[in-house]
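> Please read through the structure below; I'll follow up with questions.
The values are calculated or read from the model by the stated rules, or taken from the named source; none is laboratory data. All values reported here derive from a predicted model rather than from experimental measurement. Using ideal geometry, Cβ is built from the backbone for each residue, glycine included, and neighbour counts are taken over all protein chains shown. Remember, those area values only see protein heavy atoms, side chains included, never the ligands or the DNA or RNA. Shrake-Rupley method; radii C 1.70, N 1.55, O 1.52, S 1.80 Å.
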Amino acid sequence: MITYIIIALNCIVSFIGFRDKSFFGKYLFSPYSIQRNKKEWYRIFTHAFLHADYMHLLFNMFTFYSIGLVLELNSFQKNFPQHAEYYFVLLYVGGIMVSAFPGFEKHKNDFGYSAVGASGAVCAVLFSYILIEPTSQLSVFFIPMPAALFGAIFLLVSWYLSKRGGGRIAHDAHFWGGIFGFVFTILLKVSLLPAFFEKIKTFFLL
């Protein structure tokens, strides 16, 4: 199962980074370094398999496991039975790439900026799930709510915090990763969008 392979890769690469600071520095996301040395483009991809610490890794992988396994083995198998695994990999990898580009443009002249973590890809997976299962229950601070409402709040908060700036969390990666996951899944099967609104309409009318 692709979900377990991705989790294993994240754990292996992150554990190496925890122990080897030169490895960590070589593969983290550094827009300034990429801008000045195009050979370091690989950082756009590799940074998503590194994490700042064990809690950062645990949070991302637990979230990914909780949503990714259901999406891969249930939702994608139902909607894309011939290409489920292939599309799931494209969703994850695309989430990494797309969520990194806004940060690159924003910080390409900022020597001190760097980032690590799978959050952009995890958000892509999360919002693909929200599109397909908008009335399933997700929780914010242990408060359950429909997935569609969770997604709307998440995007608004991420957008606001990204505009405000400051802090050590790449909120723009969360926002654009989520947008990518939603749009990418619609492009795979356009009928999922009217079904999304129909499910929400039916849920709230009941």
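> Could you look at the range 35-80 and say what percent of its accessible area is carbon and sulfur, using a 1.4 Å probe and all protein chains?
68 percent
> Please turn the phi angles of the range 33-46 into ³J(HN,Hα) values with the Karplus equation 6.51 cos²θ - 1.76 cosθ + 1.60 (θ = phi - 60°), one per residue in order, whole Hz, x for glycine and proline.
Residue by residue, the range 33-46 yields 5, 5, 4, 9, 8, 4, 5, 9, 4, 4, 4, 4, 9, 5 Hz.
> Would you give the gap between the C-alpha center of the range 4-38 and the C-alpha center of the range 101-128, rounded to a whole Å?
13 Å
> Follow-up. Could you give the length gained on full extension between LYS106 and GLN82, defined as 0.36 nm per residue of separation minus the Cα-Cα distance, in nm?
Stretched out fully, the LYS106 to GLN82 stretch lengthens by 4.8 nm.
> If you count only protein heavy atoms with a 1.4 Å probe, what accessible area per residue comes out for the range 15-77, rounded to a whole Å²?
Using a 1.4 Å probe on heavy atoms only, each residue of the range 15-77 averages 55 Å².
> While we're here: Which of the following values of log10 I(q)/I(0) by the Debye sum over Cα atoms at q = 0.11, 0.16, 0.18 Å⁻¹ was calculated from the structure shown: (1) -0.46, -1.02, -1.33; (2) -0.58, -1.07, -1.24; (3) -0.52, -1.05, -1.29?
Matching entry in (1) -0.46, -1.02, -1.33; (2) -0.58, -1.07, -1.24; (3) -0.52, -1.05, -1.29: (3).
> Let me ask something else. When ranked by the protection proxy of mean other Cβ atoms within 10 Å per residue, highest first, what sequence do the peptides 25-34, 174-183, 118-127 form?
118-127, 174-183, 25-34
> Additional query: For a 29 Å ceiling on Cα separation, which of these pairs sit above it: LYS39/LYS106; LYS21/LYS163; LYS163/LYS199; LYS26/LYS106? The partial results should precede the final answer.
Numbers: LYS39/LYS106 20 Å; LYS21/LYS163 31 Å; LYS163/LYS199 32 Å; LYS26/LYS106 21 Å.
Where the Cα-Cα span goes over 29 Å, the pairs concerned are LYS21/LYS163; LYS163/LYS199.
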